[in-house]
């Protein structure tokens, strides 16, 4: 998985996994000492179904409402016209439009007793970029998660990202296995909370990716049906599973 070999955010915003940092507080009244803050990175990727185009996959990610509905714990969300903090993106993220903010309420039953209420209210800042989206989540206790969602060329085993790019981008998709969805997360929070936050991130990513891939399979199937084509193996498997 290529994201293991490269930093999530370049230049001054790059931080080593589990390295202590001094950071500003999102909500001083709810935060622990910033001296105890640490960062950790997680990366997951999934191969996109056969027949999915880069444009389809990027449009899926940039459908913000659908993206938020993929949250396994989400029970409510609404746009924020006036966020409490300025919406910014790290160096290295080239926005293709204005960032949008949403207030999201999650119902989480697996949190340690007394850490939060079961209803956790966070702010999601979503920014479109040419190959996906950048998402910054601000949660209680000064937890900040930066996630880069990218649609990219899948790499053949043993192939480096530089080799993939040198082969000409989309022209190399047949030799590298098509396209993949990459989710690269950087968590910034108190050391005391890191284990809990990582567990939440690791616990549901497969289901989130599955929802996204299922939408893409259905889109490919709809196009094939309009053109009178037989469904691909991936589409047929999805239909049988349902």
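The values are calculated or read from the model by the stated rules, or taken from the named source; none is laboratory data. All of these numbers come straight from a predicted model, not from anything done at the bench. Cβ coordinates were reconstructed from backbone atoms using ideal geometry, including for glycine residues, and neighbour counts include every protein chain displayed.
Scanning region 54-68 for residues that are more than 13 Å from residue 149 (Cβ to Cβ) and touching a residue at least 40 places away in the same chain (Cβ under 8 Å) turns up 54, 56. State all residues of region 39-69 that are part of a loop (DSSP other than H, G, I, E, B) and out of contact with any strand residue (DSSP E or B) (no Cβ under 6 Å at 6 or more places or on another chain); if no residue qualifies, say none. Hits for region 39-69 are 49, 50, 51, 52, 53, 63. The single condition from (1) under 16 Å from residue 147 (Cβ atoms); (2) at pLDDT 55 or above that residue 10 fails is (2). Would you pick out the residues in region 136-157 that are touching a helix residue (DSSP H, G or I) at 6+ places or on another chain (Cβ under 8 Å) and not in a loop (DSSP other than H, G, I, E, B)? Correct list: 143, 145, 149, 151, 152, 153. Scanning region 216-242 for residues that are at pLDDT 90 or above and either crowded, with 17+ Cβ neighbours inside 10 Å or outside any helix (DSSP H, G or I) (or both) turns up 216, 217, 219, 220. Residues that are touching a residue at least 60 places away in the same chain (Cβ under 8 Å) and out of contact with any strand residue (DSSP E or B) (no Cβ under 7 Å at 6 or more places or on another chain) were ranked within region 70-89; the one that is farthest from residue 209 (Cα to Cα) is 72.
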